[in-house]
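The values are calculated or read from the model by the stated rules, or taken from the named source; none is laboratory data. As the structure is a computational prediction, the values presented were derived from the model and not from experiment. Because the Cβ atoms are built from the backbone with ideal geometry, glycine has one as well, and the counts that use them run over all protein chains shown.
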Amino acid sequence: MKENVLEVLLYLFEHYSDEEFQLADNQSALKDELNQVGFGNIEIAKAFTWLESLLEQLKESAHELPNKNIPIRHFTSHEMQKLDRESRGFLLSVEQAGILDAPSRELVIDRVMALDDDIILEEVKWITLMVLFNQPGREEAFYRMENLMDGDMFKFLH
């Protein structure tokens with residue numbers, strides 16, 4: 001049995017990453033499919049909660065004006081335990097490259113922190129891609145991130 005919440009999220013992203021995907025409309029059928037694939041009910045529920053929280057945060061932040069003059073981000077000790085140096089460096093580099101803006105970076109960090117599991121760099125990249133995919137108006141950033149991951153993209157999934 002697959003027991004990682006991020007595996008559930010990656011499965012959904014890989015199989016349903018189109019604009020017609022609506023979590024609320026498909027929950028029952030998706031839960032059945034995820035059970036058949038081998039995911040446990042607890043992981044499925046946590047993954048749906050994770051996605052619903054992301055979508056709620058995106059709705060709330062849609063009305064905020066982006067602040068481009070945010071100073072350097074200092075990580076808390078808890079964040080530093082969850083995000084290793086390589087992952088923090090990755091977030092800084094994609095922000096400096098203009099792929100992530102400060103609000104998107106904060107969403108990525110929040111979504112990483114919402115997972116119970118230890119996180120590695122490849123997973124941070126996928127979480128970044130999922131956050132960008134779900135943000136209206138960030139299509140160019142999503143494609144840039146997708147291109148950045150191009151070589152590693154499907155190796156990690158399988």
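Structure summary
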| item | result |
| --- | --- |
| In the stretch 12-53, residue surrounded by the fewest Cβ atoms within 10 Å (Cβ to Cβ) [restricted to those that are modelled with pLDDT of 90 or more and assigned to a loop (DSSP other than H, G, I, E, B)] | 38 |
| Residue 117 being in a loop (DSSP other than H, G, I, E, B) and of a type outside the set (Phe, Trp, Tyr) | yes |
| Members of the stretch 120-137 that are assigned to a loop (DSSP other than H, G, I, E, B) and either among the polar types (S, T, N, Q) or surrounded by 19 or more Cβ atoms within 10 Å (Cβ to Cβ) (or both) | 134, 135 |
| Matching residues, the stretch 110-125, being more than 20 Å from residue 45 (Cβ to Cβ) and under 9 Å from the mean Cα position of the chain (by Cα) | 124, 125 |
